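I have placed the structure first, in the form of structure tokens, so that the comments after it can refer back to it.
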Amino acid sequence: WLPQSTRTHPLCPRLVSSGLGFVDTGFVLGQASKYKEKAGDIGRVCAKQFRQTLMHQLARNGYHVKESGLRYWDYFKPSHSELRKNSDAILRIQLEQVGFWSSGIRTPYSASIIAIAEMVDPNTRKLLYRERLSIGISEKELKLISAYLGEVNNIRRPKNKPTFENFRDLLANPEESSSDLIHVVEKAATHIGRGLRNPMSSMFVASEDQD
């Protein structure tokens with residue numbers, strides 16, 4: 001129910017920058033590779049932590065949650081009709097961006113996430129719940145993102161949370177930066193889980209199809 005990898009690279013230092021447009025993918029991947037050497041496979045760690053936190057919150061809300069390992073669209077294949085009959089809803093999670101965001105060359109990096117959650121009826125595909133949220137993204141750039149994704153709810157971070165002056169500073173502090181990123185991921189998962197207050201008897205969770 002979570003993608004094998006995020007839609008963008010686990011380290012996405014700057015997707016959008018005022019006056020600079022979209023950064024070249026090769027640059028992003030190169031920076032990500034350097035950070036991974038220092039901090040390990042933080043993308044996989046964040047995906048796992050998001051899953052565990054969300055599952056915990058949903059269980060606290062009274063949901064009975066199952067993971068089948070299927071992709072979202074696989075649930076609607078005729079061969080999986082029994083799965084649909086045995087569930088009240090399917091929760092679809094998309095991690096659009098997980099990493100470190102900077103709004104410009106001279107702007108500090110901060111841990112960030114953009115996530116989308118949609119709950120649908122497994123038989124009618126009626127949308128029962130939707131949440132688009134971001135943490136660590138500036139208001140100005142969030143307007144550009146919202147034009148692409150739809151309205152995104154901006155969850156503010158405490159002002160005392162760490163930022164990193166530049167990419168060199170990020171590399172020099174892999175433990176602190178990765179810990180902060182995991183905290184942001186947990187906060188996003190908890191927010192989504194708390195938004196689903198009305199328990200159903202059974203729910204399946206599914207990943208966004210990355211193909």
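The values are calculated or read from the model by the stated rules, or taken from the named source; none is laboratory data. Quantities reported herein were computed from a predicted structural model and do not represent experimental measurements. So basically every Cβ, Gly included, is an ideal-geometry build from the backbone, and we count neighbours across all protein chains shown. Heavy atoms of the whole protein, side chains included, go into the accessibility calculation; ligands, DNA and RNA do not. Shrake-Rupley method; radii C 1.70, N 1.55, O 1.52, S 1.80 Å.
Here are a few things to note about the model shown:
- Table column - 3J(HN,Hα) (Hz), the stretch 154-159, Karplus curve with 6.51, -1.76, 1.60, x for Gly and Pro: 8, 9, 6, 9, x, 5
- Burial ranking of peptide ranges 53-59, 33-39 (average Cβ count within 10 Å, highest at the top): 53-59, 33-39
- Accessible heavy-atom area order of Ile90, Ile182, highest first, probe of 1.4 Å: Ile182, Ile90
- Largest-first ordering by accessible area, 1.4 Å probe, given options Leu196, Leu144, Leu149, Leu127: Leu144, Leu127, Leu149, Leu196
- Shown in residue order for the stretch 70-81 are the 3J(HN,Hα) couplings computed by the Karplus curve 6.51 cos²θ - 1.76 cosθ + 1.60 at θ = phi - 60°: 7, 6, 3, 5, 5, 4, 9, 6, x, 5, 10, 5 Hz (x for Gly and Pro).
- Vicinal HN-Hα couplings computed from phi for the stretch 139-147 (Karplus, 6.51 cos²θ - 1.76 cosθ + 1.60; Hz; Gly/Pro x): 4, 4, 6, 5, 5, 5, 5, 5, 5
- Lys, Arg +1 and Asp, Glu -1 on Cβ, resulting dipole of the stretch 70-211 about Cα centre, debye, nearest 20: 460 debye
- Counting Lys and Arg as +1 and Asp and Glu as -1 over every other residue whose Cβ lies under 9 Å from the Cβ of Val120, the net charge comes to +1.
- Between the C-alpha center of the stretch 34-59 and that of the stretch 91-132 there is a gap of 14 Å.
- Greater than 19 Å apart at Cα, pairs in Lys77/Lys126; Lys48/Lys140; Lys85/Lys126; Lys159/Lys187: Lys48/Lys140
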